[in-house]
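Have a look at the structure below before the remarks.
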Amino acid sequence: MPSSLLLDSSTLVIQCPHCGHTEPDDYELMLPDCIEQMRCSRCGGVFHFALLECRRCASESVFHWLHRPADEAIAHLACHACGYSHAQDEATEPGAHAGA
Ligand SMILES: [Zn+2]
Ligand SMILES: [Zn+2]
């Protein structure tokens, strides 16, 4: 797949938080804005990860947790490339600063 070349400039990789092993073959399992569970193929440890697609710069960032976070936690994740978060998206809506 030629689009894999685009990953060259990013750190888009699933990495086991238990042992640091990377799982480069599971991108297709990743759904944007969803928290997924995975078992490390090296140490067997279970961890959770999420793929966040930035709404501002369109970069994709991967986040890892040892334990499953709350679903809303993903809204507070910040883009690795530009620092943008979905939470900011809601906070900076036009008129959001008015009245409050
Ligand atoms: Zn591991
Ligand atoms: Zn971004």
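Read-outs: derived from the displayed coordinates by stated rules, not from any lab. Keep in mind that what you see is a predicted model, and the values were worked out from it rather than measured. Please note: Cβ atoms are built from the backbone with ideal geometry, for glycine as well, and neighbour counts cover all protein chains shown.
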For this session: Look at segment 56-76 and say how many of its residues are part of a strand (DSSP E or B) and in contact with a Leu (Cβ under 7 Å, 6 or more places away or on another chain).
Result: 4
For this session: Within segment 37-55, work out how many residues are assigned to a strand (DSSP E or B) and touching a helix residue (DSSP H, G or I) at 6+ places or on another chain (Cβ under 7 Å).
Result: 2
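Taking segment 56-82 only, how many residues are of a type in the set (Gly, Ala, Ser) and away from ligand 2 (no atom under 16 Å from the Cβ)?
Result for segment 56-82: 2.
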For this session: Being closer than 14 Å to LEU31 by Cα and either among the hydroxyl-bearing types (Ser, Thr, Tyr) or away from ligand 1 (no atom under 16 Å from the Cβ) (or both) is the filter here, so list the residues in segment 46-58 that pass it.
Result: ALA50, LEU51, LEU52, GLU53, CYS54
